[in-house]
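Asker: Dumping the structure here so I can ask a few things about it.
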Amino acid sequence: MGTHYTTILREKNVNGTDVEEEIEIEVEYTAHRAHRGMRDSLGGKAGAGPPLEPDEDAYVEIDEVFDKDGIDIELTIQEHERILEEIEDGLADSAID
């Protein structure tokens, strides 16, 4: 489980006018490693044969999102996708280092 800090822009009505407000958020996520599916044996060698189950790619799952006051935030689809990309890019960068 990890934590990612970022900001999102939200529209807010102030005195009858919609204005954009930047909100600082904390995203708790779980990063799942790639997993090789089970393989059948081939010529007596275990795992060398055809797949018995599919391989699973690595992926990130957002668990919870909070604002700076600890209140749960519901992300839009676009916000969710952007934040997942930020997290995945950060994890890829740290794996390279």
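Where a number appears in this text, it was derived from the coordinates with a stated rule and is not lab data. Only a predicted model underlies this, so the values are computations on that prediction, with no experimental measurement involved. Every residue, glycine among them, receives a Cβ derived from its backbone with ideal geometry; neighbour counts consider all protein chains shown.
Asker: Just checking, which of Gly90, Gly70, Gly16 is over 21 Å from Thr3 (Cβ atoms) and not charged (D, E, K, R)?
Answerer: None of the other options fit; the residue is Gly16.
Asker: If you don't mind, another one. Restricting the search to the stretch 40-80, which residues are among the hydroxyl-bearing types (Ser, Thr, Tyr) and either farther than 30 Å from Glu22 by Cβ or in contact with a Leu (Cβ under 7 Å, 6 or more places away or on another chain) (or both)?
Answerer: Across the stretch 40-80, the qualifying residue is only Ser41.
Asker: Assess whether Gly2 counts as being small (Gly, Ala, Ser) and more than 30 Å from Arg82 (Cβ to Cβ).
Answerer: Spelling it out, it is not the case that Gly2 is small (Gly, Ala, Ser) and more than 30 Å from Arg82 (Cβ to Cβ).
Asker: Out of all the residues in the stretch 79-88, is one or more without any contact (Cβ under 8 Å) to a residue 24 or more places away in the chain and in a strand (DSSP E or B)?
Answerer: no
Asker: Just checking, how many residues over the stretch 52-74 are among the small types (Gly, Ala, Ser) and under 30 Å from Met38 (Cβ atoms)?
Answerer: 1
Asker: Give me a count of the residues in the stretch 49-78 that are in a helix (DSSP H, G or I) and either in contact (Cβ under 8 Å) with a residue 12 or more places away in the chain or not β-branched (Val, Ile, Thr) (or both).
Answerer: Here the count works out to 1.
Asker: In the stretch 2-35, what residues are loosely packed, with under 13 Cβ neighbours inside 10 Å, in a strand (DSSP E or B) and among the aliphatic types (A, V, I, L, M)?
Answerer: Of everything in the stretch 2-35, those that are loosely packed, with under 13 Cβ neighbours inside 10 Å, in a strand (DSSP E or B) and among the aliphatic types (A, V, I, L, M) turn out to be Leu9, Val14, Val19.
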